[in-house]
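The structure appears below as structure tokens.
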Protein chains: 2
Amino acid sequence: MRARRIPLSTECAVCITKTIGKVVPMLTDTWERQSELYSKAFRALSDGYANDLDVPSTIIPLMMELYSAAGANDPFNIIKQKSINAAMKDLPLIEQSINRFSDFEKFRTSLSAAIAGNIIDYAHAGDDPDLESLECVFKSVQREGFAIDNSKELWHRLKSSSGKVVILGDNAGETVFDIPFVRLIKELEWSVIFVVKGLPSMNDATKNDVIGTGIEQLAMISTTGARAYGTPKRFVSEQFLDLVADCDLIISKGQGNLETFPEIQEEFEKETYYVLRVKCSHVASILGCKKNNNVVLRQKNM
Amino acid sequence: MRARRIPLSTECAVCITKTIGKVVPMLTDTWERQSELYSKAFRALSDGYANDLDVPSTIIPLMMELYSAAGANDPFNIIKQKSINAAMKDLPLIEQSINRFSDFEKFRTSLSAAIAGNIIDYAHAGDDPDLESLECVFKSVQREGFAIDNSKELWHRLKSSSGKVVILGDNAGETVFDIPFVRLIKELEWSVIFVVKGLPSMNDATKNDVIGTGIEQLAMISTTGARAYGTPKRFVSEQFLDLVADCDLIISKGQGNLETFPEIQEEFEKETYYVLRVKCSHVASILGCKKNNNVVLRQKNM
């Protein structure tokens, strides 16, 4: 159950191309410019297969190139705002549910909320998330539990010591559902650094997407320094790497960070917990679980 | 409402890539070979966008290249056999329904069956067809009617004269649902030539897929001579072009023939009726109707 390199599978091909089909029309209106971007995108994808690249090494430079070629800054802004609003609307109910519990059960329920938020993802082959059903998803995560479950180890780790924890955030809106979890960790006297993306890419959260949600009162907000999903080592800032070097524990949200952070984790030998909803059977097979499973996976040393 | 060139739209990009994602794993089992084929496929797609090709000019050579690179002959054979069996199972019920009517209503109902069969398509972005529900689809086509409806003109044309009609067949299984329609045309004393594909490509019907279904007793079976969907002019045989030149009327089934036959129709100035289920909003917008609409479209002179 080690997090490791995610090669371009058959399923990835479909997923990436559906993502391309979603992104390109958001980047430019004209048919000629869209055709140019499609041509670039499929060329990059072809090269990715020819050179046996993994998924992030294929998609991240491709997305950077598309955004840059289109002169686009934040085409997912409206989608992100809708996601944040939907999550903010449901947060009080989620908090009520969490506050019915105490100690480990409370912590575990806050993890369920953080995983439920992880369904707010517009970069995979499935249907776009139903923002009206976030609370239902939270309940179903509670009911289903975690297929890989190192939540007890995380709880003990957080209870038995303190220090600096870096949380690698994921998508806009999802970050709102991380709030109860962040609050609990802060109450356990950890200092929390919450990392968002340096520049917009798809619906990944940037500073703009978290400031004002309340999380900034619980955690220091920092960034990867990159326009990219996850934390790709070749694109993140020195400042981000210093943050990792300097912290005691990492909590990593979502598939994008699972795909990219292990390279940095290995270098700095940082204990990391990967918290996510598994979005595809390809990643599921790598983790040894199933699509749509909920995962809290401890990776002590890479 | 003229049938015309189908450029590569955003929707086409998604559709084609989903088709690639479906076909490649059927062509070869090994990861290395699949990667090579994906690389080829996405390179061709990139070039298609760069050179402003239309859909068939992009996909047909690409599919030919994939089949040839994989040394594959008929990977959809099992799917095609299942489709034929499902259609043969439902045909008696369909025939019963049709035989409740007479004259134009009978003819129109046989057209509904021919359109219902057109859902047996594995080369588009939607879900694969539910082979258990073919009779239900037939009933819904009857209920919905034809959004573009030149069925009366076709009926009068077939009633008022006779000669040679070429039917451009489409997918395996779908051809079974064309049988009542072919029988009626034959009863009107037309000589029917039913055209299938020269070599297997996706789930398009070849000679092997129609011989034994009973249609060969009603019509002469001929082929396009090509391993390609539709009737792409640069790939079809001289014999096929002679057939077109020599006939009095064409009935063309499905989107693939709508995408490709107009070039030949224009050259030979043959009155053609395009009979299909509209599978995507892109073709719908070109025809001036909606996705999932049923169409019987007369094109007298191109």
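Mind checking A:19-26 for the average number of partner chain beta-carbons within 10 Å of each residue's beta-carbon? Don't jump to the answer; show the numbers that get you there.
Details: counts 1, 4, 11, 2, 0, 4, 4, 0.
Counting other chains' Cβ atoms within 10 Å and averaging over A:19-26 gives 3.
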Practice problem: Determine the dipole magnitude for the protein assembly as shown: charges of +1 sit on the beta-carbon of Lys and Arg, -1 on that of Asp and Glu, nothing else is charged, the reference point is the Cα centre, and the result goes in debye to the nearest 20. | Solution: 660
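For segment A:122-215, rounded, prolate or oblate, judged on the Cα gyration tensor with a ≥ b ≥ c (square roots of eigenvalues), a/c < 1.5 rounded, else prolate if a/b > b/c? Walk me through the numbers before you get to the answer.
On the way: a/c = 2.02, a/b = 1.23, b/c = 1.65.
In terms of gyration-tensor shape, oblate.
Order by neighbour count: B:S201, A:S112, B:S9, fewest other Cβ atoms within 10 Å first, most last.
On the way: B:S201 25, A:S112 29, B:S9 22.
Ascending number of Cβ neighbours within 10 Å: B:S9, B:S201, A:S112.
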Practice problem: Would you please give the residues with an amide H less than 5 Å from that of B:S252, counting only those at least 5 places away or on a separate chain, with H modeled from the backbone geometry? | Solution: B:L168, B:Y273, B:Y274, B:V275
Quiz item: Hey, how many Å between the Cα centroid of segment A:285-301 and the Cα centroid of segment A:81-150?
Solution: 17
Quiz prompt | Ascending list, in nanometres, of distances separating the A:E65 label from those of the other copies (7 Å, Cα toward Cβ) | solution = 1.7
Quiz prompt | Per-residue ³J(HN,Hα) for segment A:265-270, Karplus 6.51 cos²θ - 1.76 cosθ + 1.60, θ = phi - 60°, Hz, x for Gly and Pro | solution = 4, 4, 5, 9, 6, 9
Quiz item: Amide H to amide H, which residues 5 or more places from A:A226 or on other chains are under 5 Å from it, using H placed in the peptide plane?
Solution: A:G198, A:L199, A:S237
Exercise. Measure nothing but the geometry: give the 0 to 90° angle between the long axis through the Cα atoms of B:134-144 and the longest principal axis through the Cα atoms of chain B, rounded to 10°.
Key: 60
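When ranked by the protection proxy of mean other Cβ atoms within 10 Å per residue, highest first, what sequence do the peptides B:252-260, B:236-244 form?
Details: B:252-260: 27.4, B:236-244: 16.7.
Output ranking for B:252-260, B:236-244: B:252-260, B:236-244.
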Quiz item: What is the helix-to-structure angle for B:151-160, meaning the angle in degrees between its Cα long axis and the longest Cα principal axis of chain B, kept from 0 to 90 and rounded to the nearest 10?
Solution: 60
Quiz item: Helix B:10-27: angle to the longest alpha-carbon principal axis of chain B, degrees 0 to 90, nearest 10?
Solution: 80
Quiz item: In nm, what does the list of distances from B:P92 to its counterparts in the other copies look like, shortest first, when each label sits 7 Å along Cα to Cβ?
Solution: 6.4
Quiz item: Rounded, prolate or oblate: which one fits chain A, using the alpha carbon gyration tensor with axes a ≥ b ≥ c (rounded when a/c is under 1.5, else prolate when a/b beats b/c, else oblate)?
Solution: prolate
Quiz item: Where along chain B is the Cβ that lies nearest the axis linking it to chain A, and how many Å separate them?
Solution: B:T17, 2
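Antiparallel versus total DSSP beta bridges in the protein assembly as shown: what percent is that, nearest 5? If you can, show how the numbers build up before the last one.
Details: 16 of 56 bridges.
Of the beta bridges lying entirely in the protein assembly as shown, close to 30 percent run antiparallel.
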Practice problem: Excluding residues fewer than 8 places away in the same chain, name every one of the lysines whose C-alpha is closer than 28 Å to that of A:K40. | Solution: A:K18, A:K22, A:K80, A:K197, A:K233, A:K279, B:K18, B:K22, B:K40, B:K279
Quiz item: To one decimal in nm, how far is A:F268 from the same spot in the other copies, if labels go 7 Å from Cα toward Cβ? Please give the shortest first.
Solution: 7.0
Practice problem: For segment B:160-175 and segment B:198-269, write down the distance between their C-alpha centroids in whole Å. | Solution: 9
Quiz prompt | Theoretical ellipticity at 222 nm over the protein assembly as shown - DSSP helices of four or more residues, -39500 (n - 2.57) apiece, nearest 500 | solution = -16500 deg cm²/dmol
Self-check item: Among A:33-45, A:166-178, the order from most to least packed when residues are scored by Cβ within 10 Å on average
Solution: A:166-178, A:33-45
Practice problem: Pop out the ³J(HN,Hα) list for segment B:94-110 in order, Karplus 6.51 cos²θ - 1.76 cosθ + 1.60 with θ = phi - 60°, rounded to Hz; leave Gly and Pro as x. | Solution: 4, 4, 4, 4, 5, 6, 6, 9, 9, 6, 4, 5, 5, 4, 4, 5, 5
Practice problem: Using the charge dipole of segment B:221-302 (Lys, Arg: +1 at Cβ; Asp, Glu: -1 at Cβ; taken about the Cα centre), state which of B:A245, B:N294, B:T231 has its Cα farthest towards the positive end. | Solution: B:N294
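Readers should treat all values here as calculations from the given coordinates under stated rules, not as data from a laboratory. The structure displayed is predicted, hence computed values, not measured ones. Note: ideal-geometry Cβ built from the backbone for every residue, glycine included; neighbour counts use all protein chains shown.
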